[in-house]
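Worksheet: the structure to be examined is printed underneath.
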Amino acid sequence: MYDAPTPCGPLRLLCGEGAQPNTLCVVAESTEAEQTESSGFLQKVFAAAKQEWMCDVAVLPLPADRFGKVRFADVRVLGDFRRVFVFGVPIGHLGLRLRLPPYRPVQWQGAALMLADAPLAIMADKSLKVKLWEPIQQLYGLSRPS
């Protein structure tokens, strides 16, 4: 776990000790039970992309009371991430004034940035799972099944 100072207090990055993650998942913080379920789902998704959870992929839980108080620049100083997925957090709440369609990665400040629905919403909707998986295949250079 790493801390990064921000004007409203430190951010807590979750990853394994000594890990050098290349991917960051920013998720809206929720109840412990919801976080466990969301984390399990995201772990499976990234494992399918051949990414080890808490090693290749780090998580930044963002409490609702921090929405609008954290800047994307604050997040970027946490590590040299090549991919940043924002799950269930409106992009404006990270201080970015971008119009980003969900599930379409864009290059921003040296990283692929993608917005997506909250993990629990994706879990409950097969079409959202497909929408999430397609760009993940692209971002990790996975071949699409024929």
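Throughout, read-outs are computed from the coordinates displayed, never taken from laboratory work. Since the structure is predicted, the reported quantities are computational estimates derived from the model, not experimental observations. Counting neighbours? That spans all protein chains shown, and the Cβs are built from the backbone with ideal geometry, glycine included.
Quick look at the values:
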read-out	value
Helix-only [θ]222 nm of the chain, DSSP H runs n ≥ 4, -39500 (n - 2.57) each, per residue, nearest 500	-8500 deg cm²/dmol
Neighbour net charge for Arg76 - beta-carbon separation under 13 angstrom, K R +1, D E -1	+1
Total formal charge among the other residues, if their Cβ is under 11 angstrom from that of Ala49, Lys/Arg +1 and Asp/Glu -1	+1
Phi to ³J(HN,Hα) by Karplus 6.51 cos²θ - 1.76 cosθ + 1.60 over segment 27-43, Hz, x for Gly, Pro	10, 5, 5, 9, 5, 4, 5, 5, 5, 4, 5, 4, 4, x, 5, 5, 4
Scattering profile of the chain at q = 0.09, 0.13, 0.22 Å⁻¹ [log10 I(q)/I(0), Debye over alpha-carbon scatterers]	-0.24, -0.53, -1.74
DSSP loop trypsin sites (Lys or Arg not before Pro) with at most 11 other Cβ within 10 Å excluded, longest remaining stretch of the chain	1-49
For segment 26-55 and segment 123-144, distance of Cα centres in Å	15
When segment 15-78 is reduced to its Cα atoms, the Kirkwood hydrodynamic radius in Å	12.6
Of Asp80, Asp117, Asp125, the one that fluctuates the most in a GNM where the chain has Cα springs shorter than 10 Å	Asp125
Segment 64-124 - convex hull of alpha carbons, volume per residue in Å³	88
Helix 126-139 vs. the chain, principal-axis angle (Cα, 0 to 90°, nearest 10)	80
Eligible lysines near Lys126 by straight Cα distance, threshold 27 Å, same-chain separation 8 or greater	Lys44, Lys50
